[in-house]
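Participant: Quick one: the structure is below, questions incoming.
The values are calculated or read from the model by the stated rules, or taken from the named source; none is laboratory data. Just so it is clear, the structure is predicted and the values come from calculations on it, not from any experiment. With ideal geometry, Cβ positions are generated from the backbone for all residues, glycine too; neighbour counts draw on all protein chains shown. Side chains are part of the model used for accessible areas, which takes the heavy atoms of the whole protein and leaves out ligands, DNA and RNA. Shrake-Rupley method; radii C 1.70, N 1.55, O 1.52, S 1.80 Å.
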Amino acid sequence: MQKRTIRIIGAPMDLGQNRRGVDMGPSAARYAGLQARLERLGHTVYDAGNIHVPNPEENEAEGTGKRLTAVATACQTLYELGTQCVEQGDFAIYLGGDHSISIGSIAAAAQSGAAEPIGVIWIDAHADFNTPQSSPSGNIHGMPVAALIGEGTEQLVNVGYPGRKVQPAHIVQIGIRDLDDTERERLAHSGISVFTMRHLDELGMAAIARQALDRLRHLKHIHVSLDMDSLDPDEAPGVGTPVPGGLSYREAHLLMEILGDNGRVQSLDIVEINPILDDRNKTAELAVELAASLLGQRIL
Ligand SMILES: [Mn+2]
């Protein structure tokens, strides 16, 4: 197994949705022993701490427009830190926070691929493919995938540098089971590869994971974005928007191991852990174990 230098960057972001608690996600993952767990695998791990994200109660983050600016500003900071990480050839782990942070983390990953495009594997119950026009809730954490392909609010689309960060054909989604009506329409015509729970039930995770990698086979770098609500709520109760019928413990580990074996994954988001809704930090502990599986932990 390849020994890596890993950098952990926390983004205690909860402005992308309305439930409090996901801002404590980075603490929960650290408390669950992320750094030590990865060091035990032989990696060198640095923790860069957290970026600044204003509280919703602060004036700078009040109201929809200001929230949007605060999210875009935090994503820009994350992009700048992530870019340094990419330039050093380190593996980056971004701890959310809600899923809006991926606008910054994936912009950083894509920066490395300015000449060479990157692939994204988006593991989630939701497609996060809304624009302000299509979104029933207006929540920004439902918009990052749209923003990353250059659709929606300019402020989000232009984080890091102007315009599209990832080609739709270079995005694969796994675990999807809850879409808004307009979002479903948009997704069907987007060019994004979507593996829903039905695909997983019919074909099995091993086949789906290999198909996902096969669709991205021509790309040198892959970013994995892991929304903990992709897992079944029985396994990961500490998330803001739980949806029944998700990935099992075993499916999630198998997916991470197959992605890890491939060797092209350069960065990882772990998002949407909500310790307030969790059962004794179970969700963060599972997230740490999944990160370990991606980074070389094997049974034998
Ligand atoms: Mn998500």
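Participant: Normalised by the empirical 2.2 N^0.38 Å for globular proteins, what value does the Cα Rg of segment 1-111 take?
Facilitator: Normalised Rg, Cα atoms only: 1.10.
Participant: Here is a follow-up. Rolling a 1.4 Å sphere over the protein heavy atoms, what is the accessible area per residue of segment 179-284, to the nearest Å²?
Facilitator: Ligands and nucleic acids excluded, the figure is 44 Å² per residue.
Participant: Which value, in debye to the nearest 20, describes the size of the charge dipole of segment 1-157 about its Cα centre when Lys and Arg Cβ atoms bear +1, Asp and Glu Cβ atoms bear -1, and nothing else is charged?
Facilitator: Roughly 540 debye, rounded to the nearest 20.
Participant: Run lengths n ≥ 4 of DSSP H only: what is the helix-derived mean residue ellipticity at 222 nm for the chain, with -39500 (n - 2.57) per run over all residues, to the nearest 500?
Facilitator: Value at 222 nm, helices only: -11000 deg cm²/dmol.
Participant: Here is a further query. Taking the Cα centre of the chain as origin, work out the dipole magnitude from +1 charges on Lys and Arg Cβ and -1 charges on Asp and Glu Cβ, in debye rounded to 20.
Facilitator: 900 debye
Participant: Kirkwood hydrodynamic radius for segment 5-294: how many Å is it when counted over pairs of different Cα atoms?
Facilitator: So the Kirkwood estimate lands at 18.3 Å.
Participant: With loop defined by DSSP as not H, G, I, E or B, and exposure as at most 14 other Cβ atoms within 10 Å, which is the longest segment of the chain clear of exposed GluC sites (Glu not before Pro)?
Facilitator: Longest run free of exposed loop sites: 63-300.
Participant: Where does the charge balance sit around Asp47 when Lys and Arg score +1, Asp and Glu -1, over other residues with C-beta under 13 Å from its C-beta?
Facilitator: Overall, the nearby charge balance is +1.
Participant: Another question about this same structure. What is the sum of charges, Lys and Arg at +1 and Asp and Glu at -1, for the other residues whose Cβ falls under 11 Å from the Cβ of Gly21?
Facilitator: -3
Participant: Helix hunt in the chain: which complete DSSP H runs extend at least 27 Å axially by C-alpha with mean Kyte-Doolittle at least -0.5?
Facilitator: Length and hydropathy pass: 64-87.
Participant: Only four residue types carry charge here, +1 at the Cβ of Lys and Arg and -1 at the Cβ of Asp and Glu. Report the dipole size of segment 193-300 about the Cα centre in Debye, rounded to the nearest 20.
Facilitator: Dipole size: approximately 580 debye.
Participant: I would also like to ask the following. Rounded to the nearest 5, what % of DSSP beta bridges with both residues in the chain are antiparallel?
Facilitator: Beta bridges within the chain, antiparallel portion: roughly 5 percent.
Participant: I've got another one for you. Between Tyr31 and Asp201, take the C-beta separation as r, use R0 = 41 Å, and let me know the FRET efficiency to the nearest 0.05.
Facilitator: Using R0 = 41 Å, I get an efficiency of 0.75.
Participant: Determine the share of segment 5-294's accessible area contributed by carbon and sulfur atoms, expressed in whole percent, with a 1.4 angstrom probe.
Facilitator: 47 percent
Participant: Return one whole number: the accessible area per residue of segment 1-148 in Å², for a 1.4 Å probe.
Facilitator: 37 Å²
Participant: What is the antiparallel percent of DSSP beta bridges lying wholly in segment 181-300, to the nearest 5?
Facilitator: 10 percent
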